[in-house]
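Please read the structure below before turning to the comments.
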Amino acid sequence: MALKVLFILLTIAIIGIHCDDDKEWWRTATFYQIYPRSFMDTTDNGIGDIKGMISRLDHLKDAGFDTFWLSPIFKSPQKDTGYDVSDYYQIEPDYGTMEDFDNLVKRAKELGLRLMLDFIPNHTSDQHQWFINSKANVTEYRDYYVWHDGRPNPQGGQPLLPNNWLSVFGGPAWTWVETRQQYYLHQFYPEQPDLNYRSAKVREEMSAMLKFYIDKGVSGYRLDAINHLYEDDQFRDEPHSPNLDREPTYYDDLQHIHTKDLNETFLFVYFWRDMIDKYRVEKNITTDILVMTEAYASTYDTMRYYRSPTDSAVRGAHMPFNFQLIFNFRKSQDVRNGIFEWLNNMPEGETANWVAGSHDHSRTASRVAPEKIHMVNTVVLTLPGASITYYGEEIGMHDNNDVPNWDSRNKNRTPMQWNGGNGAGFTTKRANETWLPIHPNYHTINLQSQREQEVSTYKYFQTLTKLRKGRVIRDGSFDFKIINDDVFGFTREIENEEGYLILINTSGMEQHVNLSNFTTLNNDTLRVLTAAPNSRFKAGDTTGKNDVTLGLYDAAVFHYTAAASSIVLSMTLLLSAVFVFLFN
């Protein structure tokens, strides 16, 4: 037996078998964003709910995801579809109960899935009891929100606005409360008053909520609109944007140097990261509790969310959300710029993440082009780091431009298209009776039909997520090349073993390309691992490395082996045979 054990250890050393460090699971995670109202309705009211999510978790597993995060599920009057929380300790009744949430966590764990929550730290609903008390000048809650007396009015009467700050959603960022005789700050809707993080009690209350859901079993948080957390305590006017020749009216008319990315905000993110890390240890949780930050900020400020620029030991978010590929996916140079804007500025040792869609952005198939959904998914799922997919992108869902326009983002929040039957499998109601109308193309674009097709957007998506679980995508090096204005490619390679070559043609024309500038391609012949449904290639095809012809809007992943790989493979087969001999 001792000889057998020694042989096993030797074999593991030779063929490189290793146990994954589950603690840092997030570094290569494949994330899925669920928009709760639009995922699955089990109460026949046209609104998605938690029981619906539970019933559809098998889809996440089948699609190849290992982590999912939920847009807000807390109790809310839904002025901003859940981003206006009236009670963080209760589940929105439209979605179910806390017991339902507990069952969701339980079922996710049974399937080996991790669950994250969207947490809204900057503001609450104006219907939150804290704000009701603060508005009534209850002593304990006076300073829970940002209040200001306003500027003296030379003509008497109601004071003037405190300053020129504007709301993200339009209009002044201040609203007058007659009973308190003060203005309160709201950087979003007036129904979303900003919390005052200079209050120790607010910091304590919000921190306690994070711990509460960690105890419930969540694996992390996306911290929404984090860079709005602190504001200038002198309430100074913000400068006008360059070349503005009128009075500021819209949010982008001002340079937000006093309301975004203040130093106190970064310090508080560092505090939260430290608090969560310590709480994890205290609770004997062996894997990281992920902190993700959402902030539309300069590259420099975005990178500050990773860690302190003056003390690298002070950590912040494990990953700030990366929107580069949402804004940069046209020509080869655009894609390259988006990728390297992040990689070249990311602190050493940190992990990138790649996002192509979200509840705040037009769907990929509508924003980029329906025929380009495959190339976007290919890039997102094969770049180094973590990938994040918005629900429905795995089947290529489109914006529905016929939705009610009370919120311009609703067109990309319509119900998931599960099948081609009435209600698209989302509900028993008709397609126009759901909280947002289902896209009329659900008869042709839906999960069931794509699962039944031999070649489909979904089937291709699955092959990509399977590749992500392998060592090459997980740990391989990255080398990006612009081949011409319309074609780019990159390699993911384990040195002296094997590599993948990803080629993308962004144009509607056939492209003949030479790959000689990829110096690590040791094989004259490349084998196709997987290719987009519209590709001229099929899995198993071979092509010469200097004679590759890409079809229009083509996306394909090729395999190549280094000289040493055949030796490693032979050793693996030999040692496997010996294993059989020893243990039979």
Name the pairs: first residue in region 424-435 and touching a residue at least 60 places away in the same chain (Cβ under 8 Å), second residue open to solvent by 60 Å² or more (accessible area, probe 1.4 Å), Cβ to Cβ under 6 Å, at least 6 apart or on different chains? THR428/ASP44
Members of region 74-90 that are surrounded by 22 or more Cβ atoms within 10 Å (Cβ to Cβ) and either out of contact with any strand residue (DSSP E or B) (no Cβ under 6 Å at 6 or more places or on another chain) or among the charged types (D, E, K, R) (or both): SER76, GLY82, TYR83, ASP84
Mind checking which pairs have a first residue in region 248-265 that is touching a residue at least 60 places away in the same chain (Cβ under 8 Å) and a second that is of a type in the set (Gly, Ala, Ser) and surrounded by fewer than 20 Cβ atoms within 10 Å (Cβ to Cβ), Cβ under 6 Å, 6 or more apart or different chains? ASP253/SER241
Those residues that are surrounded by fewer than 23 Cβ atoms within 10 Å (Cβ to Cβ) and either free of Cβ contacts under 8 Å to residues at least 60 places away in the same chain or not in a loop (DSSP other than H, G, I, E, B) (or both), I need them from region 330-341; list them, please. SER332, GLN333, ASP334, ARG336, ASN337, GLY338, PHE340, GLU341
Report yes if some residue within region 285-305 is in contact (Cβ under 8 Å) with a residue 60 or more places away in the chain, under 23 Å from SER387 (Cα atoms) and out of contact with any helix residue (DSSP H, G or I) (no Cβ under 8 Å at 6 or more places or on another chain); otherwise report no. yes
Of everything in region 477-524, what is more than 26 Å from the chain's Cα centre (by Cα) and of a type in the set (Asp, Glu)? Give them in sequence order. ASP485, ASP486, GLU495, GLU497, GLU498, GLU510, ASP524
Looking only at residues in region 15-61 that are more than 30 Å from TYR306 (Cα to Cα) and of a type in the set (Gly, Ala, Ser), which one is modelled with the lowest pLDDT? GLY16
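I need the full set of residues from region 437-463 which are in contact with a strand residue (DSSP E or B) (Cβ under 7 Å, 6 or more places away or on another chain) and either buried (at least 22 other Cβ atoms within 10 Å of the Cβ) or assigned to a loop (DSSP other than H, G, I, E, B) (or both), in order please.
Residue satisfying the conditions is TYR460 alone.
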Scan region 39-55 and report the pairs whose first residue is among the hydroxyl-bearing types (Ser, Thr, Tyr) and whose second residue is open to solvent by less than 50 Å² (accessible area, probe 1.4 Å) and not in a loop (DSSP other than H, G, I, E, B), with Cβ atoms within less than 8 Å and a gap of 6+ or a chain change. THR42/GLY52
For TRP69, are the conditions met, namely being in a helix (DSSP H, G or I) and either at pLDDT below 95 or crowded, with 20+ Cβ neighbours inside 10 Å (or both)? no
Residue in region 306-316 that is buried (at least 16 other Cβ atoms within 10 Å of the Cβ) and either assigned to a helix (DSSP H, G or I) or touching a Pro at 6+ places or on another chain (Cβ under 6 Å) (or both) present: yes
Which members of region 352-389 meet the condition of being of a type in the set (Ser, Thr, Tyr), touching a residue at least 40 places away in the same chain (Cβ under 8 Å) and farther than 21 Å from MET116 by Cβ? SER362, SER366, THR378, THR382
When ILE473 is evaluated against the numbered criteria (1) at pLDDT 95 or above; (2) of a type in the set (Val, Ile, Thr); (3) open to solvent by 60 Å² or more (accessible area, probe 1.4 Å), which criterion, by number, is the only one it fails? (3)
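Here are some residues: ASN163, ASN133. Which one is open to solvent by 20 Å² or more (accessible area, probe 1.4 Å), more than 23 Å from ILE73 (Cβ to Cβ) and at pLDDT 95 or above? Spell out the reasoning first.
Values: ASN163 fails: open to solvent by 20 Å² or more (accessible area, probe 1.4 Å).
ASN133 is the lone residue from the list that is open to solvent by 20 Å² or more (accessible area, probe 1.4 Å), more than 23 Å from ILE73 (Cβ to Cβ) and at pLDDT 95 or above.
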THR434 passes all but one of the listed conditions (1) closer than 18 Å to SER71 by Cβ; (2) outside any loop (DSSP other than H, G, I, E, B); (3) polar (S, T, N, Q); the exception is number (2)
Which one of the conditions (1) open to solvent by 10 Å² or more (accessible area, probe 1.4 Å); (2) assigned to a strand (DSSP E or B); (3) aliphatic (A, V, I, L, M) does ALA539 fail to meet, given that it meets all the rest? (2)
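The values are calculated or read from the model by the stated rules, or taken from the named source; none is laboratory data. Predicted, not measured: the structure shown is a model, and the values here were computed from it. No Cβ is skipped: glycine too gets one built from the backbone with ideal geometry, and neighbour counts run over all protein chains shown. Heads up: the accessible areas ignore ligands, DNA and RNA and are worked out on the full protein's heavy atoms, side chains in. Shrake-Rupley method; radii C 1.70, N 1.55, O 1.52, S 1.80 Å.
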